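Q: Pasting in a structure now, in structure tokens, and then I'll have a few things to ask.
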Amino acid sequence: MITVRVPAKVNVQLGVGGLRADGFHDLANVFFAVALGDEVTATPGEGVTLTCSGPDAAVVPLDDTNLAARAARLLAAHHGLADPGVHLHIAKAIPVAGGMAGGSADGAAALVACDALWQLDTPFETLLRLAAELGSDVPFALLGGVALGRGRGEILEPLTVEGTFHWVFAVADGGLSTPAVFRECDRLREEAGTGSSDAQVPTPDADPALLAALAEGDAVALAAALANDLQAAALSLRPSLAATLRAGTEAGALGALVSGSGPTCAFLTKDAEAAAAVAQALRASGTCRTAHATHGPVPGAAVLATAAPEAAVLGTTVLGTMGPEAGHGTTGPEAGHGTAAPGA
């Protein structure tokens, strides 16, 4: 048995470029890993099977649309393994479809857990490449810490960070479709007369003030620099999020923004005590389903526990890589944070 813990992320900056011909947007995406996370446990089994527990377990698919299952099959195919046989249990704490890359995190955790269970010793750089095949956010869930993501978000540059930052995440009822939020971003840009294509929208870059705040451990400066180009689109699709952002700010948060494509809202606070107070106020405000106080940055997907290490019994069917089915934790132009549907 192998158990891997993997962090959620918040985008402290999400700069979105114009719509490219391939249906994607160039990003300047500053990922920040937080202690709120999922745990994925791998045990030998027959085929690739999934179970899930946690508050959102009922809406997590337990078939091959789940990135954890796809990760197991992709890793097996890379090593030429016949039917590997693994059961993956996801203990889910990251909100589903909440803009915190929970599906991507589970995919990254499954790569690490299966690699350990099957005793493959896959080089980390290879795992990062496989992660990028699964989705734009999966490589960062392996890396953790804080990093600047370029391209679709999968080209990562680790960033220097001083100290610990304290966060609160307000979880909304229901989710938001990432492709729908990107489409709304494009629509709003067209409506404003700025255009939405990559020829009309400047290529985004990391904000020097934000990078300096991270490097200096300055929570006040970081709060002032928080930015998300998708926030207007998320608020357009879910206007109630404005009340959530206002409630957290009025409770004493230094800064607030929609996390990624939403609908989870993130609040930066001055310390752990302030985070606890903001979380309590948000839970009492009636503007969110619940709120979690946490901190970061933290490392990426890592093995927590092992028991009786043994390779799974291999069958006779050679696995191939899987196509981009839609669903929780999917990849390709139709899903995954940092992507947009072709023709959006």
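The values are calculated or read from the model by the stated rules, or taken from the named source; none is laboratory data. This is a predicted model, so every value here is computed, not measured. Here the Cβ is made from the backbone with ideal geometry for all residues, glycine too, and neighbour counts use every protein chain on show. Surface accessibility is based on the protein's heavy atoms, side chains included, excluding ligands, DNA and RNA. Shrake-Rupley method; radii C 1.70, N 1.55, O 1.52, S 1.80 Å.
Q: Go through (1) at pLDDT 95 or above; (2) open to solvent by 50 Å² or more (accessible area, probe 1.4 Å); (3) under 30 Å from residue 200 (Cα atoms) for residue 21 and report which single condition fails.
A: Of everything listed in (1) at pLDDT 95 or above; (2) open to solvent by 50 Å² or more (accessible area, probe 1.4 Å); (3) under 30 Å from residue 200 (Cα atoms), residue 21 misses just condition (1).
Q: On to the next question. Among the residues of segment 215-225, is there at least one that is touching a residue at least 60 places away in the same chain (Cβ under 8 Å) and within 25 Å of residue 292 (Cα to Cα)?
A: yes
Conditions (1) in contact (Cβ under 8 Å) with a residue 24 or more places away in the chain; (2) out of contact with any His (no Cβ under 8 Å at 6 or more places or on another chain); (3) open to solvent by less than 10 Å² (accessible area, probe 1.4 Å); (4) under 20 Å from residue 302 (Cβ atoms), marked per residue:
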position	(1), (2), (3), (4)
73	yes, yes, no, no
78	yes, yes, no, no
85	yes, yes, yes, no
96	yes, no, no, no
107	yes, yes, yes, yes
115	yes, yes, no, yes
124	no, yes, no, yes
136	yes, no, yes, no
140	yes, yes, yes, yes
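Q: Right, next: State whether one or more residues within segment 232-242 are without any contact (Cβ under 8 Å) to a residue 12 or more places away in the chain and either touching a strand residue (DSSP E or B) at 6+ places or on another chain (Cβ under 9 Å) or closer than 19 Å to residue 181 by Cβ (or both).
A: Checked segment 232-242: at least one residue is without any contact (Cβ under 8 Å) to a residue 12 or more places away in the chain and either touching a strand residue (DSSP E or B) at 6+ places or on another chain (Cβ under 9 Å) or closer than 19 Å to residue 181 by Cβ (or both).
Q: Of (1) in contact with a Pro (Cβ under 8 Å, 6 or more places away or on another chain); (2) at pLDDT 95 or above; (3) open to solvent by 20 Å² or more (accessible area, probe 1.4 Å), residue 26 satisfies all except one. Which?
A: Going through (1) in contact with a Pro (Cβ under 8 Å, 6 or more places away or on another chain); (2) at pLDDT 95 or above; (3) open to solvent by 20 Å² or more (accessible area, probe 1.4 Å) one by one, residue 26 breaks only (2).
Q: Separate question: Counting only residues that are within 15 Å of residue 287 (Cβ to Cβ) and under 21 Å from the mean Cα position of the chain (by Cα), how many does segment 230-256 have?
A: Number of matching residues: 7.
Q: If you don't mind, there's one more thing I want to ask. Search segment 199-216 for residues being over 23 Å from the mean Cα position of the chain (by Cα) and open to solvent by less than 80 Å² (accessible area, probe 1.4 Å), and hand back the single one that is modelled with the lowest pLDDT.
A: Among those residues, the one meeting the criterion is 201.
Q: Right, here's the next one. Working only within segment 160-189, note down all residues that are part of a helix (DSSP H, G or I), under 21 Å from residue 245 (Cα atoms) and open to solvent by 40 Å² or more (accessible area, probe 1.4 Å).
A: 188
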